[in-house]
Amino acid sequence: MSRLSSTNLAVSALAASLAAPLRVGLIGFGCVGQGLYDILRQRPGFGAEIRRIAVKNPGKPRSLPVEAFSFQADELLHDPELDVLVEVIDDAREAFRLVSTALRQGRRVVTANKAMVAQHLPELIALEREFGGTLLYEAAVCGSIPVIRTLDAYFGQEPLRSVSGIVNGSSNYVLTRMGQDASEYAVALVEAQQQGFAETDPTLDMAAFDPRSKAVILAAHAYGALLQPEQVLNLGIENVSATDIAYAAVAGQKIKVVAGLYLLPDQQLTVLVTPQLVDPTSPLYAVDDEFNGVVIEAEFAGPQFLRGRGAGGHPTGSAVLADLAALRANQRYAYAKLAQPELTYTTDLEIEIYLRTDDELLLDQLGFTDITEEADEDGYIVGFVPLDALIQHRDRLRTAGAFIARTGNVRPATHATEVLEAASAV
Ligand SMILES: NC(=O)c1ccc[n+]([C@@H]2O[C@H](COP(=O)([O-])OP(=O)(O)OC[C@H]3O[C@@H](n4cnc5c(N)ncnc54)[C@H](OP(=O)(O)O)[C@@H]3O)[C@@H](O)[C@H]2O)c1
């Protein structure tokens, strides 16, 4: 066969594979699963059809006839007619069982489960490489914002000074309401729940476990760092009060929960997920309500800002749709930075914080090394504390009713006055 005709054959095979509709097995038909179903119905020309849907509870009222569902997700795992599995269930442990089994079969899989991906990323990458399958998870971080593929593909070869973002829409909605209405946390939380922007059990979002999972995923793509979630400080907003919001407002700032990944001197990396006092000069200042936003500070490209909807059926379904399109084009994550010289993850830093507490013992335990502002009557103090002390006492900070916001200043634990620029940028 001539070289030309074999090329033509290859092109026809590619065209045929692109033309054949992707046969999708959908596991989970809640907010995200229904969102994807709806999007694909509105886009019949996209070239994917949902062949089977698995859910959990047989008795639950549905928007489709009961015959449309399987109540055993494993049936989809064993169906050779399915080209892709989309896993969008709300159970991280079961999600890992399903996704890892599918990867062992060399399958193509899309998931939205950030807790599962953050907890098991090294193992998932190893399974993908060993068995030749593909796992994509754009929906797991910032919903519709294409941040993972931006970091993985576009910035795969470029050093990044920092990646910092508002990656949890629920807590951002609560903080926005508190800022606009001068309301207390409990009132704003109920409103967020009524609007469908917060879960009935808000702990994962409000105590910053959810944004921590997202930060861990971002660290893999932005810096090639495979971190365990427990290594990353997560402080939430369950104890925030109108006093704290007013403190920020006096200085013209807003409090936002910022997931910050910072490249420090000597190829060191640190990751922090905490409330932060944000200036109007930061693009994150204007990211309000349930929106998400991410600032990428790249070595050569300079700063870039992505903003969009981080949750909801259609925005998250949009991210799954983009992953399906990527799978159809045989794309996978490059994880280019995993192959580059390793960074050292450090927590040997001092962080400047605003702390409001009436717990004297806590002040001793945190061990302020430098106090920049103290207001006894309002019960707050501003100063530098060792990051390791915050990590060690994070549970007690929560139960003691203390509220902490970073000012944005970070310095090495041993050089008491030198502020690290990369980590001070929002
Ligand atoms: N909601 C968002 O905006 C959003 C955004 C980004 C990422 N995510 C992630 O996307 C995933 C799904 O979230 P969601 O909000 O769509 O959840 P959801 O509304 O609570 O729906 C969960 C779905 O999973 C099904 N399910 C649970 N366990 C199952 C099992 N063992 N086998 C088969 N089906 C099972 C449930 O079945 P029943 O219908 O029978 O109960 C339900 O249909 C989560 O990992 C979440 O973190 C969500």
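The values are calculated or read from the model by the stated rules, or taken from the named source; none is laboratory data. Small disclaimer: the values here were computed from a predicted structure and weren't measured. FYI the Cβ positions are ideal-geometry reconstructions off the backbone, even for glycines, and counts take in every protein chain you see. Ligands, DNA and RNA are excluded from the accessible area calculation, which covers all protein heavy atoms including side chains. Shrake-Rupley method; radii C 1.70, N 1.55, O 1.52, S 1.80 Å.
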Original post:
Once you put a point 7 Å from the Cα of THR243 and another 7 Å from the Cα of GLU199, both along the Cβ direction, what distance in nm separates them?
Top reply: 3.0
**OP:** Could you tell me the largest-minus-smallest coordinate of the C-alpha atoms of the chain on each of the three principal axes, in descending order and whole angstroms?
**Re:** 80, 52, 33
**OP:** Take the eigenvalues of the Cα gyration tensor for segment 57-179, scale each by 5, and report the square roots as semi-axes in whole Å, largest first.
**Re:** 29, 23, 12
Subject >> Net charge dipole size for segment 347-421 [Lys, Arg +1 and Asp, Glu -1 on Cβ; Debye, nearest 20] >> reply: 380
Original post:
When the accessible area of segment 80-190 is split by element with a 1.4 Å probe, what percent falls to carbon and sulfur?
Top reply: 51
Original post:
Taking the Cα centre of each part, how many Å lie between segment 66-120 and segment 300-315?
Top reply: 26
**OP:** Quote to one decimal, in nm, the extra length available between VAL187 and LEU338 on full extension: 0.36 nm per residue of separation minus the C-alpha distance between them.
**Re:** 50.0 nm
Subject >> Cβ-based net charge around ALA215, under 15 Å, with every Lys or Arg adding one and every Asp or Glu removing one >> reply: +3
**OP:** Be a star and scan segment 343-358 for residues whose amide nitrogen sits under 17 Å from the point 7 Å along the Cα-to-Cβ vector of GLN231.
**Re:** 343-349
Subject >> Stretch in the chain that is longest and holds no GluC sites (Glu not before Pro) that DSSP places in a loop and that have at most 11 other beta carbons within 10 Å >> reply: 82-298
**OP:** May I ask for the distance between the Cα centers of segment 345-383 and segment 179-241, given as a whole number of Å?
**Re:** 22
Original post:
Roughly how much of THR101 is accessible, in Å² to the nearest 10, using a 1.4 Å probe?
Top reply: 40
**OP:** For LYS337, list the lysines whose Cα falls under 27 Å from its own Cα; do not include residues on the same chain fewer than 8 positions away.
**Re:** LYS114, LYS214
**OP:** Give me the accessible area of PHE69, 1.4 Å probe, in Å² rounded to the nearest 10.
**Re:** 20
**OP:** Just subtract the alpha-carbon distance of ARG396 and LYS60 from 0.36 nm times their residue separation and send over the number in nm, one decimal.
**Re:** 117.0 nm
**OP:** Only Lys, Arg, Asp and Glu count, each charged at its Cβ (+1, +1, -1, -1), so figure out the dipole size of the chain about its Cα centre, rounded to 20 debye.
**Re:** 2400
Original post:
Extension gain ALA20-ARG93, at 0.36 nm per residue separation less the Cα-Cα distance, in nm?
Top reply: 23.0 nm
Subject >> Estimated FRET transfer efficiency (ASN330, ASP289; beta-carbon r; R0 51 Å; 0.05) >> reply: 0.85
Original post:
Accessible area per residue, 1.4 Å probe, Å², for the chain: what's the number?
Top reply: 43
Original post:
When only the heavy atoms of the protein chains count and the probe is 1.4 Å, how do ASP358, ASP388 rank by accessible area, highest first?
Top reply: ASP358, ASP388
Original post:
Which residue, THR316, THR369, THR407, tops the fluctuation ranking in a GNM of the chain built on C-alpha contacts under 10 Å?
Top reply: THR369
Subject >> Charged-residue dipole, Cβ positions (Lys, Arg, Asp, Glu), segment 3-140 about Cα centre, Debye nearest 20 >> reply: 220
Original post:
Cα-based Rg of segment 347-421 per 2.2 N^0.38 Å, rounded to two decimals?
Top reply: 1.03
Original post:
Over the heavy atoms of HIS78, what accessible area does a 1.4 Å probe trace out, to the nearest 10 Å²?
Top reply: 130
Original post:
Okay, helix-only estimate at 222 nm for the chain: each DSSP H run of n ≥ 4 adds -39500 (n - 2.57), divide by all residues, round to 500 deg cm²/dmol; what do you get?
Top reply: -11000 deg cm²/dmol
Subject >> Whole-percent carbon and sulfur share, accessible surface of segment 295-361, 1.4 Å >> reply: 49
